[in-house]
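K.L.:
My structure is below; once you've seen it, I'll send some questions.
The values are calculated or read from the model by the stated rules, or taken from the named source; none is laboratory data. The structure displayed is predicted, hence computed values, not measured ones. Cβ coordinates were reconstructed from backbone atoms using ideal geometry, including for glycine residues, and neighbour counts include every protein chain displayed. Calculation scope for accessible area: heavy atoms of the full protein, side chains included, ligands and nucleic acids excluded. Shrake-Rupley method; radii C 1.70, N 1.55, O 1.52, S 1.80 Å.
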Amino acid sequence: MGIGLGLIIQTLLIAAQKAAPVKYMASATTLFMFMRVLGSSVGIAILQSVLQNTVIPKLDFLSARYPEYASVFSSSLNDQGAIYNSGLPDGIRTELIHYYVQALQMVFIGGAAFTGVGFLLVLGLEHIPFSRKVRQTTQ
């Protein structure tokens, strides 16, 4: 997401500046950046909630099946390195990783849904060409 967003963010900023009158360009830039940060924060919070709500029931299921590794399962929520550094048997580790992959698939589906809604909302925007007429001054 970082590379893709990094490549498009400058184009979106220029489009936002072009849509605003010159005297409001600073306000348009500030509003654009604020909305970008706000959207990122809300999006991360929602998708993290999806991840946690998907993976926690699966970790509870694993804890019931393998109570001797319950502390490893619960610690993996805050530190995924515990999956590899805790001495879990290969079969249990594979099952735990599989549950995390399933949870990340749900996060991807949620992100794709947000993207789809955003795309539909953009369809109604007015087209503003980037060309700007420059007035020549006589000297």
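K.L.:
If Phe114 passes every condition in (1) in a helix (DSSP H, G or I); (2) free of Cβ contacts under 8 Å to residues at least 12 places away in the same chain; (3) open to solvent by 70 Å² or more (accessible area, probe 1.4 Å); (4) closer than 30 Å to Ala15 by Cα but one, which one does it miss?
P.N.:
Phe114 satisfies all of (1) in a helix (DSSP H, G or I); (2) free of Cβ contacts under 8 Å to residues at least 12 places away in the same chain; (3) open to solvent by 70 Å² or more (accessible area, probe 1.4 Å); (4) closer than 30 Å to Ala15 by Cα except (2).
K.L.:
Let me ask something else about it. Collect the residues in region 117-132 that are among the hydrophobic types (A, V, I, L, M, F, W, C) and not in a loop (DSSP other than H, G, I, E, B), keeping them in residue-number order.
P.N.:
As a first pass, look at region 117-132 and keep what is among the hydrophobic types (A, V, I, L, M, F, W, C): 117, 119-123, 125, 128, 130.
Residues satisfying the conditions are Val117, Phe119, Leu120, Leu121, Val122.
K.L.:
Additional query: Say we look at region 48-57 and pick out the residues that are more than 14 Å from Gln80 (Cβ to Cβ) and not hydrophobic (A, V, I, L, M, F, W, C); which of these is most open to solvent (accessible area, probe 1.4 Å)?
P.N.:
Here the answer is Asn53.
K.L.:
Just to be sure, is Glu126 at pLDDT below 90 and either touching a His at 6+ places or on another chain (Cβ under 6 Å) or within 30 Å of Gly43 (Cα to Cα) (or both)?
P.N.:
Taking the combined requirement at face value, the residue satisfies it.
K.L.:
State which residue is modelled with the lowest pLDDT when the search covers only region 16-39 and only residues that are open to solvent by less than 50 Å² (accessible area, probe 1.4 Å) and under 22 Å from the mean Cα position of the chain (by Cα).
P.N.:
Looking only at region 16-39, we keep the residues that are open to solvent by less than 50 Å² (accessible area, probe 1.4 Å), and these are 16-18, 20, 28-29, 32, 39.
If we keep only those that are under 22 Å from the mean Cα position of the chain (by Cα) as well, we get 16, 29, 32, 39.
On the way: Ala16: 87, Thr29: 94, Phe32: 93, Gly39: 90.
The residue in question is Ala16.
K.L.:
Could you say whether any residue in region 83-93 is touching a helix residue (DSSP H, G or I) at 6+ places or on another chain (Cβ under 9 Å), open to solvent by 60 Å² or more (accessible area, probe 1.4 Å) and of a type in the set (Asp, Glu)?
P.N.:
No, there is no match, as no residue in region 83-93 is touching a helix residue (DSSP H, G or I) at 6+ places or on another chain (Cβ under 9 Å), open to solvent by 60 Å² or more (accessible area, probe 1.4 Å) and of a type in the set (Asp, Glu).
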